[in-house]
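Before any comments, here is the structure.
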Amino acid sequence: MFEGWGTVGVFQSAVFSSQSATGNSRDAIYRVSVNPQRQTRNPFTPRQSTRNPKPETQNPKPTSMTDQQTNITRKSMQRRMYFVFGALLILLVVFSFLDLFLGSVKIPFADIFQILMGQGSQRPGWGNIIFEFRIPKLLTALLAGAALSVSGLQMQTIFRNPLAGPYVLGISAGASLGVALLVMGFASFFSFNYFDIGGNWLIAIVAWLGAGAVLALIFVVSLRVSDIMTILILGILVGSAVTAVVSILQYFSNESMLKTFIVWTMGSLGGVTQSQLQVLVPTILIGLIISLFSGKTLNVLLLGENYAKSLGLNIRLARLTIFLSTSILAGSITAFCGPIGFIGIAVPHLARMAFNTANHHVLMPASMILGAVVMVAGDIISQLPGSQSSLPINSVTALIGIPVVIYLIIKNQKLSSIL
């Protein structure tokens, strides 16, 4: 009997609860119909305060101090970068006019300006000196400084070595071997004067062949060796072996041929003629354009090759592109001007210190302009203003670059933080 009463009680409670729920729902419907603007609130949304409501435009989201400081720092860095670029361009213009003004023959500045404007001068010979000698020498200095500096920047980045330069792979040594074989090799066995069968063009061809042979050897090894430091050591060994062969040729050569080769190794900017500039200018421009397009690749390589591979960078293609541009730039300058050292090592570091950045989109043009300024300044110093004699450009660049290299070795720890 109690069991039946329990069942009836459960049934009655269910009915009462359903009626109460129905009543509540009716009350809710009645409240909505009486006050249609009142809506039910989602229990998961926070309750909004109705005290002193303000529009969103009167209470904007505050900017953090970190973002403001970052914007101020970025703007100050941009202003500093533009200022340094402007100062370098002004120095380049000033040094270029000084390079045209100074020389063994004193030409008044007013006459130089008239010659450049095509108005002539007091003496017809001054126009020939300006157009046939000084302007080609100035253009050669500009191209050499830009080419060697960019080559050094690329080598220091790809090898992650602050003392790497455009000749670290043996490119200059290969070019020197080609010239040594022509001047002291074939000329010793065959009685002819190589100046009669092509002059400096023949020297340029054999220099390119020697640099290309060394580059091909390094590239073939890079296809099998993934460690970039191994390739760096291999380039140093190849350069040492080629230098040993050149020394043997010097030992067995006669006096006149040895003198000719030694003069070539000292480097010269004044021996490039207008006809040679017709080949040197487009060649250097091609190498510089390839280098400018490699700026993004070099920025990725700063993070390491493993990270670059994870981003999808083709390491072998990147190496080939950088090696190709370096061989074009350094090989062309070596062929026409002789080996010029220390510009490729010192100038990229000077650019990093001046702009305080590792971004190659900034360092590429900075190294070009700064390298041109340093090379033109070295050419002015080599002319020994007030004297009838001149110094080899390679000696002057060594005097400029060696103190920078010593400073880099002493401050190696500080250098590694900005490289």
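Here is how the numbers come out for the structure above:
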item: Filter result (within 16 Å of the chain's Cα centre (by Cα), among the hydrophobic types (A, V, I, L, M, F, W, C) and not in a helix (DSSP H, G or I)) within region 349-401; result: A358
item: Selected residue (only one of E255, E305 is of a type in the set (D, E), buried (at least 16 other Cβ atoms within 10 Å of the Cβ) and either touching a Lys or Arg at 6+ places or on another chain (Cβ under 9 Å) or over 30 Å from I130 (Cβ atoms) (or both)); result: E305
item: Of the criteria (1) crowded, with 20+ Cβ neighbours inside 10 Å; (2) under 14 Å from the mean Cα position of the chain (by Cα); (3) within 25 Å of A173 (Cα to Cα); (4) hydroxyl-bearing (S, T, Y), which one T297 fails; result: (3)
item: Subset tally (residues that are assigned to a helix (DSSP H, G or I), surrounded by 13 or more Cβ atoms within 10 Å (Cβ to Cβ) and at pLDDT below 70) for region 188-204; result: 4
item: Residues of region 243-274 classified as in contact with a Ser or Thr (Cβ under 7 Å, 6 or more places away or on another chain), modelled with pLDDT of 85 or more and outside any loop (DSSP other than H, G, I, E, B), total; result: 1
item: Residue pairs meeting the criteria (Cβ under 6 Å; at least 6 apart or on separate chains; first of a type in the set (G, A, S), in region 268-281; second surrounded by 17 or more Cβ atoms within 10 Å (Cβ to Cβ) and not in a loop (DSSP other than H, G, I, E, B)); result: G270/K137
item: Residue in region 205-242 that is nearest to V179 (Cα to Cα), counting only those that are in a helix (DSSP H, G or I) and hydroxyl-bearing (S, T, Y); result: S240
item: Pick from region 147-174, criterion polar (S, T, N, Q) and modelled with pLDDT of 85 or more, ranking: farthest from L217 (Cα to Cα); result: S149
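Let's see how each residue does on (1) surrounded by fewer than 23 Cβ atoms within 10 Å (Cβ to Cβ); (2) in contact (Cβ under 8 Å) with a residue 12 or more places away in the chain; (3) more than 13 Å from G152 (Cα to Cα):
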| position | (1), (2), (3) |
| --- | --- |
| P339 | yes, yes, yes |
| A346 | no, yes, no |
| S367 | no, yes, no |
| D379 | no, yes, yes |
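The values are calculated or read from the model by the stated rules, or taken from the named source; none is laboratory data. Since the structure is predicted, the reported quantities are computational estimates derived from the model, not experimental observations. Heads up, the Cβs are rebuilt from the backbone with ideal geometry, glycines too, and the neighbour counts pull from every protein chain shown.
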